[in-house]
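Novice: Got a structure for you, written out below as structure tokens; questions coming shortly.
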Amino acid sequence: MRLFLDANVLFTAVHNPRGKAAFVVELGQAGLWQLATSAYALEEARRNLALKFPAGAARLEDMRPSLRLASDAADIDCPAGLPAKDCPIFRAARACRADVLLTGDIRDFGFLMNARDKAGGLLIQTVADFLKTVQAGG
């Protein structure tokens with residue numbers, strides 16, 4: 001299974017090393033699933049860490065080797081209603097053939113959460129929902 005991590009998931013994994021996002025990253029690093037992100041998401045996470053949690057910058061860099069970098073694919077259509085700022089995230093997740101896009105951005109991605117039919121087959125979930133799905137065997 002390939003998981004695409006949005007910037008807020010990367011930020012949260014670094015900021016809270018005992019939290020759910022960090023747990024997902026740890027399991028990926030252990031080989032349970034593949035981890036992917038994009039340069040766009042990585043840069044956003046770096047920027048937010050520099051502003052809000054500068055001590056975490058080194059942890060993000062330590063995490064970097066376990067993340068496959070996916071490219072934005074401008075030829076992939078974004079769902080109607082998804083803000084333009086989030087299209088590079090959606091397109092990169094689709095381009096790398098992620099099974100799940102993990103994001104905490106419920107405001108912008110909320111209408112696509114758990115709705116593969118609206119997201120071109122991509123499952124978009126929060127980390128908590130993803131872990132519940134995995135625990136339930138789904």
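Novice: So which pairs qualify, if the first residue must be in the stretch 105-122 and more than 17 Å from residue 75 (Cα to Cα) and polar (S, T, N, Q), the second must be at pLDDT 95 or above and open to solvent by less than 30 Å² (accessible area, probe 1.4 Å), the Cβ gap must be under 9 Å, and the two must be at least 6 apart or on different chains?
Specialist: 114/123; 114/124; 114/125
Novice: Residue 65 - would you say it is more than 13 Å from the chain's Cα centre (by Cα), open to solvent by 10 Å² or more (accessible area, probe 1.4 Å) and free of Cβ contacts under 8 Å to residues at least 12 places away in the same chain?
Specialist: Yes.
The values are calculated or read from the model by the stated rules, or taken from the named source; none is laboratory data. This is a predicted model, so every value here is computed, not measured. All Cβ positions, glycine included, derive from the backbone under ideal geometry; neighbour counts span all protein chains shown. These area figures cover heavy atoms from the full protein model, side chains too; ligands, DNA and RNA do not enter into them. Shrake-Rupley method; radii C 1.70, N 1.55, O 1.52, S 1.80 Å.
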